[in-house]
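See structure below.
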Amino acid sequence: MSKLEQRRPAASVPPTPHQEAPADLNIPDNYVQHTLKTTKPLPPVTWSTLLDNINWVSLLALTLSPSVAIYGMFTTHLCWKTAIFSVFWYFVTGLGITAGYHRLWAHRSYNASLPLQYALALAGAGAVQGSIKWWSRGHRAHHRYTDTDLDPYGAHHGLLWSHIGWMIIKPRRKPGVADCSDLNNNPLVRWQHQYYIWLLVLMAVIVPTVIPGVCWGDWKGGYFYAAAARLVFVHHSTFCVNSLAHWLGESPFDDKHTPRDHVLTALVTIGEGYHNFHHQFPMDYRNAIKWYQYDPTKWFITTMSFFGLASHLKAFPDNEVRKGQITMELKKIKAKADDLKWPTTSNDLPIITWDSFQEQSKTRPLILVAGFIHDVSSFMDEHPGGRHLLRKNIGKDATTAFFGGVYDHSNAAHNLLAMMRVGVLRGGLELESEKAIPPSQRLEVMRGQALAQLRAQVAKESHPVASRADSEVGDWGDIKGLPSPPLSTGALNSEDEATEECTGLNLTRQ
């Protein structure tokens, strides 16, 4: 292995005495590429090797509860008190995952008092999804290595895999390294991890069975509905964060990876459905940033803060959140602009002398506006003001008339006229003024690299368009007419304001 294949790791920093060192302290700078290149995945699972590659503990946990729940549906009547309690216990144990495992321990998006930590640790155990330590380690790896083979439940392997397959089938690779030293050094997390099985039985089975049994005598209903059926819903609610939230919806903040935002996912995951936002701003205690978006987990954390049980709620600066939104909006505008036809620029048009312009105007309807020569033959019969207004300006400079002297033309008229360009008048376009730029191009979106190149070109060029060498001055034989778009009567007579179009990632004004 060459020195270039594994870059020098960062300088080693000794951990604080009596505390565990971060697991990722000394990984190489190119850890992901190096790991994928130097470690081989396990062989693909085939029908002949399927039984050897099943995680039987997970399979039992994921199939036993629905089997018990289905049996109970056919044998036990569901009374309304048990139904209400089952929904309540669903939210209790679900919030143990979303507000506890996820936003408190995996992302440290807020601080919780010790009583609240114990309550969330117990509730999370009742969701039967592993201990805080195990769950958070996998989730941190998921965020760090999203959509790579080091992601333990990468969505790029398919919807079924990211939903449940990664738990049933033994992974082909170990998840990427993720530091959990803060959790390993947390006494409460260590306590929950040590006694997890006992806490699971207590919170997932005993409590939801005993409460309906003691309070209104429905022992069987408590067991079948509040324990078993409720657990099925909690499981697949959380699993949808790994699957549905990476498949359904939009990417309003970034489209680099698969996370999506969708209200349906939020409804089935106790507010974890605005996943594109979450992956961009993972340490934000919110998933939904708008007041009307469904995020009960955010509401719960805010309520705990109101009562003094939670503090230091982290929220990413609104200015930076809006930058992400603007970036994605510009990318969408750029994609739309790329599908449109735009006027030929002055750099791509021949430079024509005044005498040549006059001569050619005898056989072609050519009009000069703002330094550009336009062939209006396709529009003579469509002009709302009549042919005579165009005819009388053939071979002339109609800039004054076009810009309000006769009629203050609409943005649509400016844009349409620009599509009729066939040449640039020598000496008539010393600098492309605001008049020479159609409204649709006065605001333009450009990628950063293209913008840098444009600035460098402008800095390098010290001569205007009119100072091109005489050898570049062409005859009318060089002019090629541009195809005109479909026209409609009154296109140049609209009083409506045209929306300025955009075309890239950096918004620039021409």
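Nothing in this text is a laboratory measurement; each read-out follows from the coordinates by a stated rule. The shown structure was predicted, so the numbers you read here are calculated from the model rather than taken from an experiment. Positions of Cβ are backbone-derived with ideal geometry, glycine not excepted, and every protein chain shown enters the neighbour counts.
Brief remarks follow.
- Based on the convex hull around the alpha carbon atoms, the range 31-316 presents an average projected area of 16.3 nm².
- The slack between residue 188 and residue 53, meaning 0.36 nm per residue of separation minus the straight C-alpha distance, is 45.2 nm.
- Shape class of the range 293-413 from the alpha-carbon gyration tensor: prolate, with a/c at 1.5 or above and a/b greater than b/c.
- Proximal lysines relative to residue 396, as straight alpha-carbon distance under 18 Å, when same-chain residues fewer than 8 apart are discounted: 362, 435
- Taking amide H positions as modeled 1.01 Å from N, with prolines and chain starts lacking one, the residues under 5 Å from residue 445 and 5 or more places away or on another chain are 503, 504, 508.
- Residue order, fewest to most beta carbons within 10 Å, for 224, 403: 403, 224
- Across the range 159-167, coupling constants 3J(HN,Hα) worked out from phi with the 6.51/-1.76/1.60 Karplus curve, θ = phi - 60°, read 5, 5, 5, 5, 7, 8, x, 5, 8 Hz, and Gly and Pro carry x.
- Count, lysine Cα pairs under 21 Å in the range 31-316, 8 or more residues apart or across chains: 10
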